[in-house]
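One structure below.
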Amino acid sequence: MSAPSKLHRLCVFLTVEDEEQLSAAIRSALPAVRFVDAAQQPETPAPTFRSSLSECAGPHVTLVDTSIVSESTFHRDDVVQHPSGRGWVYAIVGTGLASLVRSRSADDGLHNGELRASVPLGDARTAEYIRGLMLLVRNGGTSVFAVDPSTTAIARRAEGNFIAWPDAAVRFGTREAPLLTNGPTAWFTAERKKV
């Protein structure tokens, strides 16, 4: 049975250019954070820590605050042999960890990614890290507004848990052709409705 925890979640639209900006912002504001790419599993005997999202190829990346969880501690406590007996798997949430599922292209649009963390109750250091990380991601982006796919009407209020970073907002979030998506009928624009 796992320890009680609090889930934090933010849907985010990021292009490759936005990921570069996000990596730079994280390195500046949270210099102890390193990136772990689940896609490297077949290539390495254990996960390696990387300094940028651009060094990660897979759709899922874990952000490890090494001031809370060192690389050696991560390998000892959070990495286990894959159940198949080949390769390894690792924890994606928990103490000192956040998880980024990357945005992906979808029918000429951009499907949102998701930043999430499960903070163990009473873990003040991880709670502070996640608070800072979520604030950094939220502040780097812009709000998005739901678009009714049948009428193209734009919602008056921004979606609280969705953020588009600048390049995604410009390239995919126009009011005339909103291409930010969360599914076949869930479309968003980064442009406010004119009143």
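The values are calculated or read from the model by the stated rules, or taken from the named source; none is laboratory data. All values derive from a computational prediction rather than experimental measurement. We place every Cβ from the backbone using ideal geometry, glycine too, and count neighbours over all the protein chains shown. All accessible areas refer to the heavy atoms of the entire protein, side chains included, with ligands and DNA or RNA removed. Shrake-Rupley method; radii C 1.70, N 1.55, O 1.52, S 1.80 Å.
A few remarks follow.
- For the residues R34, R76, R27, the requirement of being closer than 21 Å to P120 by Cβ, outside any loop (DSSP other than H, G, I, E, B) and either modelled with pLDDT of 95 or more or in contact with a strand residue (DSSP E or B) (Cβ under 8 Å, 6 or more places away or on another chain) (or both) singles out R34.
- Checked against (1) open to solvent by less than 40 Å² (accessible area, probe 1.4 Å); (2) assigned to a strand (DSSP E or B); (3) of a type outside the set (S, T, N, Q), D18 meets all criteria but (2).
- Checked against the criterion of being in contact with a helix residue (DSSP H, G or I) (Cβ under 8 Å, 6 or more places away or on another chain), free of Cβ contacts under 8 Å to residues at least 60 places away in the same chain and not in a helix (DSSP H, G or I), the stretch 123-142 contains one or more residues that satisfy it.
- No other residue among L53, L30, L10 is open to solvent by less than 10 Å² (accessible area, probe 1.4 Å) and within 22 Å of H75 (Cβ to Cβ) apart from L53.
- Selection from the stretch 71-123 of residues that are of a type in the set (V, I, T) and open to solvent by 30 Å² or more (accessible area, probe 1.4 Å): T73, V80, V89, I92, V93, T95, V101
- Of all the listed residues (R131, R156), the sole one being open to solvent by 60 Å² or more (accessible area, probe 1.4 Å), at pLDDT 95 or above and either within 17 Å of the chain's Cα centre (by Cα) or not β-branched (V, I, T) (or both) is R131.
- Of all residues in the stretch 161-181, those that are open to solvent by 30 Å² or more (accessible area, probe 1.4 Å) have Cβ atoms under 6 Å from Cβ atoms of residues that are of a type in the set (S, T, N, Q), 6 or more apart or on another chain, in D167/T15; R175/T189.
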